[in-house]
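The values are calculated or read from the model by the stated rules, or taken from the named source; none is laboratory data. Computed from a predicted model, the values in this text were never measured in an experiment. Ideal geometry is used to build each Cβ from the backbone, glycine not excepted, and the neighbour counts take in all protein chains shown. The area values use the complete protein model at the heavy-atom level, side chains included, leaving out ligands, DNA and RNA. Shrake-Rupley method; radii C 1.70, N 1.55, O 1.52, S 1.80 Å.
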Amino acid sequence: PVSQELYKESHPVSYKIAEHCNKGANLDRYLLGRQFGVIFVVFCVNLSGGPIGTATLWNMPEWVIQVFFKTGFSMILFTCMVGQLNTQVNASICMLDFINNYFSLFTYWGCIFVEFTGFVHFSYAIS
């Protein structure tokens, strides 16, 4: 791991996140809460762009409408390309710069809170 003191002044918000995340099992807690957040966001995006059974689109053949729109395959592609792929590429190239904002800090604490509530662990009992 990189010493956090190297970016304490240049990336103060990244430092705050890393300082708490690297203590104990907080990284595991964050990842568990993050996975719940990702599933929640993808679920909401897919609901908002869900297929309408009776819709027609630009007089396309029925098989195109069936494969891409009624099955939700086009929404899966859209979610991956627009919602996830760009942010993952940016985060992998400029890690410290990517999380050096207060929205990332809010997201981090939100994920920690979701894991703290036990809701994610309770969902195992439901299934």
So which pairs qualify, if the first residue must be in segment 1-25 and outside any helix (DSSP H, G or I), the second must be of a type outside the set (D, E, K, R), the Cβ gap must be under 7 Å, and the two must be at least 6 apart or on different chains? Lys8/Tyr15; His11/Leu96; His11/Asn100
Take Glu19 and tell me if it is acidic (Asp, Glu) and farther than 30 Å from Gly118 by Cβ. no
Might you check whether a residue that is in contact with a helix residue (DSSP H, G or I) (Cβ under 6 Å, 6 or more places away or on another chain) and without any contact (Cβ under 8 Å) to a residue 24 or more places away in the chain occurs anywhere in segment 27-34? yes
Candidate set: segment 89-125, residues that are aromatic (Phe, Trp, Tyr) and touching a helix residue (DSSP H, G or I) at 6+ places or on another chain (Cβ under 8 Å); chosen: the one surrounded by the fewest Cβ atoms within 10 Å (Cβ to Cβ): Tyr102
Given the criteria open to solvent by 70 Å² or more (accessible area, probe 1.4 Å) and touching a Gly at 6+ places or on another chain (Cβ under 8 Å), does Phe78 qualify? yes
Would you please list the contacts, defined by Cβ atoms under 9 Å and residues six or more apart or on different chains, that run from a residue in segment 89-102 that is in contact (Cβ under 8 Å) with a residue 24 or more places away in the chain to a residue that is small (Gly, Ala, Ser) and open to solvent by 60 Å² or more (accessible area, probe 1.4 Å)? Leu96/Ser10; Asn100/Ser10
Report yes if some residue within segment 52-66 is more than 30 Å from Tyr7 (Cβ to Cβ), under 15 Å from the mean Cα position of the chain (by Cα) and among the β-branched types (Val, Ile, Thr); otherwise report no. no
Test Tyr108 against the stated conditions and say whether it is touching a Ser or Thr at 6+ places or on another chain (Cβ under 8 Å) and either in contact (Cβ under 8 Å) with a residue 60 or more places away in the chain or on the phi < 0 side of the Ramachandran plot (or both). no
Just checking, which of Gly24, Gly33, Gly83 is closer than 30 Å to Ser3 by Cβ, small (Gly, Ala, Ser) and under 14 Å from the mean Cα position of the chain (by Cα)? Gly33
Gly33: part of a helix (DSSP H, G or I) and small (Gly, Ala, Ser), yes or no? yes
Give the residues of segment 42-75 that are open to solvent by 60 Å² or more (accessible area, probe 1.4 Å) and either part of a loop (DSSP other than H, G, I, E, B) or touching a Phe, Trp or Tyr at 6+ places or on another chain (Cβ under 8 Å) (or both), sorted by residue number. Pro51, Ile52, Thr54, Thr56, Trp58, Asn59, Met60, Pro61, Val67, Thr71
